[in-house]
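Worksheet: the structure to be examined is printed underneath.
The values are calculated or read from the model by the stated rules, or taken from the named source; none is laboratory data. The structure presented is a predicted model; accordingly, all values stated were derived computationally and were not measured. All Cβ positions, glycine included, derive from the backbone under ideal geometry; neighbour counts span all protein chains shown. Note: areas computed on protein heavy atoms with side chains; ligands, DNA, RNA excluded. Shrake-Rupley method; radii C 1.70, N 1.55, O 1.52, S 1.80 Å.
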Amino acid sequence: MSAGQRTAADAVVMPTYRRYPVTFVRGKGFYLYDETGRPYLDFVAGVAVTALGHAHPDVTEAVSRQAGRLVHTSNLYYTEPMAELAERLVRLLDWPDGRVFFANSGAEANECALKLVRRRESRRAGGAHTGAQTGARTDTIAAWGSFHGRTMETLAATGQPARWEPFRPLPEGFVHVPYDDPAAVEAAVTASTAAVLLEPVQGEGGVVVPGEGYLPAVREICDRHGLALVLDEVQTGLGRTGEWFGFQAARPRGGAVPDVVTLAKALGNGLPIGACVARGELATTFQPGDHATTVGGGPVVCAAALAVLTVLERDGLVERARKVGAYLREGLSGLVERHALPTGVRGRGLLLALELASDRAREVASTALSEGLLVNDVGPSTLRFCPPLVIGEAECDEVVAILDKVFRGLA
């Protein structure tokens, strides 16, 4: 698309994004290609979505095969791909009593989790009435800097007040505390608290990694007060951090198992699917009529997700994310040593951030784009790297070389 065509597109598409001036027409592996055929090394991956890279043959084949057989039935009926995918997810989590609700996005998966907790509390308090009528616990503790979605409920859960202002009044029932601070969680618990909602690593908040003891400490607090621990693994789940699930990095390993996990992004490798997985009492809280979706968990997206899980396991991509992530981190640390603008690296696996000395992240990302590299300015002074898990050391070296050139030019 020419500049004029992009302007015409802007006239008919709502301006909810500040799009970069490039139009992609195809992708292959870890590269995207514009209409001229120019390749761009993709270290954004659709914001941690295309974990297998673009146009992965296994996903393409699974989608094509399923689309030729059955696309939609609604959730009034059973379909084989949904049943198989739910079974695979609870097995990966090692939750024999786990159950899954399939949605279309991460925000919907989180919305489901919040409703699930509220429904459990209303049942405990006496049935189908509202919490105000029954005295049911309704509040959720979340963290400042968090991001859980853009529906009204998940926006209220998101700990970023700047995002709230245009949409007030927001739904009530959310209390925010500093991230990586178990004492703050403890202090926030009241007789109205029902759950704690956290990300194992804050992605949209700037790739903020908590201490290893944080999630186990919160788990202990939840157990002591009878609260549900809900972990938003929309960005961190399915290998991104070098573990199948981000919470598995906590030490001791078994000390932070949540009651509910939400997934999306990598699950469909670009197709719209989200999942809310619950165990224990919460797994059987919903009854017919409590929650629903028309197209969530459809046969085609579930077939794609099954192919994603198969490739992740078969090709050892979780371990690859851990090893290649460490290599990329080392390369980015070298940029900090050689240049004044980058000041630090943080993250886990292939979810990394490069912090800058000033608010020039958009400028760096734009300049990198002109050099054929896609990186994400997740904050004014923060660049996020969340590439496909299929990348190798050679691609990491290419990224570092391009950024070396970019930082020299900007100096």
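Dividing the summed helix terms, -39500 (n - 2.57) for each DSSP H run of n ≥ 4, by the number of residues in the chain produces a 222 nm estimate of -11500 deg cm²/dmol to the nearest 500. Gap in Å between the Cα centre of the stretch 334-411 and the Cα centre of the stretch 148-196? Cα centres, the stretch 148-196 to the stretch 334-411: 31 Å. Need the C-alpha centroid separation for the stretch 1-70 versus the stretch 256-295, integer Å. The stretch 1-70 and the stretch 256-295 have Cα centres spaced 27 Å from each other. Taking the accessible area of the stretch 340-411, probe 1.4 Å, and keeping the other protein chains in place, the carbon and sulfur fraction comes to 48%. Note on Glu330 and Met1: their simple-model spin labels are 4.2 nm apart, each label 7 Å out from Cα toward Cβ. Entry comment: accessible area of the stretch 57-148 is 53 Å² per residue, from protein heavy atoms only and a probe of 1.4 Å. Highest mean packing comes first when the peptides 149-155, 187-193 are listed by Cβ atoms within 10 Å, giving 149-155, 187-193.
Placing unit charges on the Cβ atoms of the charged side chains and taking the dipole of the chain about its Cα centre, the candidate lying farthest along the positive direction among Ala283, Val260, Gly325 is Ala283.
Taking label points 7 Å from Cα along the Cα-to-Cβ direction, Gln287 and Thr310 give a separation of 3.9 nm.
Please figure out what share of the DSSP beta bridges in the chain is antiparallel and state it in percent, rounded to the nearest 5.
Numbers: 31 of 48 bridges.
Once the DSSP bridges in the chain are tallied, antiparallel ones form about 65 percent.
Rounded to the nearest 20 debye, the dipole size of the chain about its Cα centre is 380 debye, using +1 on the Cβ of Lys and Arg and -1 on the Cβ of Asp and Glu.
For Lys265, which lysines qualify as cross-link partners when the Cα separation must be under 23 Å and same-chain residues fewer than eight apart are set aside? Partners found: Lys28, Lys115, Lys323. Leaving out ligands, DNA and RNA, what percent of the accessible area of the stretch 39-118 is carbon and sulfur, probe 1.4 Å? That share works out to 56 percent.
Give me the percent relative contact order of the stretch 169-328, please, defined on Cα pairs under 8 angstrom at least 6 residues apart. Over the stretch 169-328, the number comes to 19 percent. Packing around the peptides 54-63, 11-20, 75-84, taken as the average count of other Cβ atoms within 10 Å per residue, puts them in this order, highest first: 54-63, 75-84, 11-20.
Using mean Cβ contacts within 10 Å as the protection proxy, how do 316-325, 85-94, 108-117, 22-31 order, highest first?
Per-residue Cβ counts within 10 Å, averaged per peptide and sorted highest first, yield 108-117, 316-325, 85-94, 22-31.
Using C-alpha pairs below 8 Å separated by at least 6 residues, the relative contact order for the chain is 22 percent. For the stretch 275-411, the solvent-accessible area of protein heavy atoms averages 38 Å² per residue (probe radius 1.4 Å; ligands and nucleic acids excluded). When the convex hull of its Cα atoms is viewed from all sides, the stretch 38-151 shows a mean projected area of 11.7 nm². With the simple spin-label model, which puts each label point 7 Å out from Cα in the Cβ direction, the Glu319 to Glu337 separation comes to 2.9 nm. For the chain, Cys222, Cys302, Cys386, Cys396 stand unpaired, since no other cysteine beta carbon lies under 4.7 Å from theirs. Note on the stretch 166-209: with neighbouring protein chains present and a 1.4 Å probe, carbon and sulfur make up 57 percent of its accessible heavy-atom surface.
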